[in-house]
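Quick notes on the structure that follows.
The values are calculated or read from the model by the stated rules, or taken from the named source; none is laboratory data. Because the structure is a prediction, the values reported are computed rather than measured. We place every Cβ from the backbone using ideal geometry, glycine too, and count neighbours over all the protein chains shown. SASA here: full protein model, heavy atoms, side chains in, ligands and nucleic acids out. Shrake-Rupley method; radii C 1.70, N 1.55, O 1.52, S 1.80 Å.
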Amino acid sequence: MEYALLLVLAILIFLPSFMTMRKQRERQNKLSELQQNLYVGQKVITAGGLHGTVAATREQEVDLEVAGGVVITFDKMAIVRTPEIVSEEEANGIR
């Protein structure tokens, strides 16, 4: 009887943390894929909330045009989403 109780407690503790880690890993993989597949002309949003259009990409950096003729260089890690992703999250009630 004690082993059954310990088993149930172990499941109640480890299952939620496993599911959370799995979901976080999926999100991290999607973000990494987005950052590696940036293309010129793509609209993106940085971690700071700056909206821009990709003007050029390099191995670790990306140039964003934020206004007519204004180009700023960011590390690719600063790109966190696209406007399409934001629209999908709002439609699904995620925020």
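Here are some notes:
- Share of carbon and sulfur in the accessible heavy-atom surface of the chain [1.4 Å probe, %]: 59 percent
- For the range 32-78, pairs of C-alpha atoms spaced more than 13 angstrom apart make up 47 percent of the total.
- The chain, helix-only ellipticity at 222 nm - DSSP H runs n ≥ 4, -39,500 (n - 2.57), divided by all residues, nearest 500: -16000 deg cm²/dmol
- For Kirkwood radius over Cα pairs in Å, the value calculated from this model appears in (i) 15.8; (ii) 13.2; (iii) 13.8 under label (i).
- Normalised contact order of the chain, rounded percent, pairs of Cα under 8 Å and 6 or more residues apart: 20 percent
- Principal-axis analysis of the Cα atoms of the chain puts helix 2-36 at an angle of about 10° to the longest axis.
- At the residue level, K43 shows approximately 120 square angstrom of accessible surface with a 1.4 angstrom probe and all protein chains present.
- A cut-off of 5 Å between modelled amide H atoms, ignoring neighbours fewer than 5 places along the same chain, links Q42 with V54.
- Positive-pole candidate from T82, N29, I11, dipole of the chain, charges at beta carbon: I11
- This model, with +1 at the C-beta of Lys and Arg and -1 at the C-beta of Asp and Glu, gives the chain a dipole about its Cα centre of some 180 debye.
- Note, ³J(HN,Hα) from phi for the range 37-53, Karplus 6.51, -1.76, 1.60, rounded to Hz, x at Gly and Pro: 10, 5, 9, 4, x, 6, 8, 9, 10, 8, 4, x, x, 6, 9, x, 10
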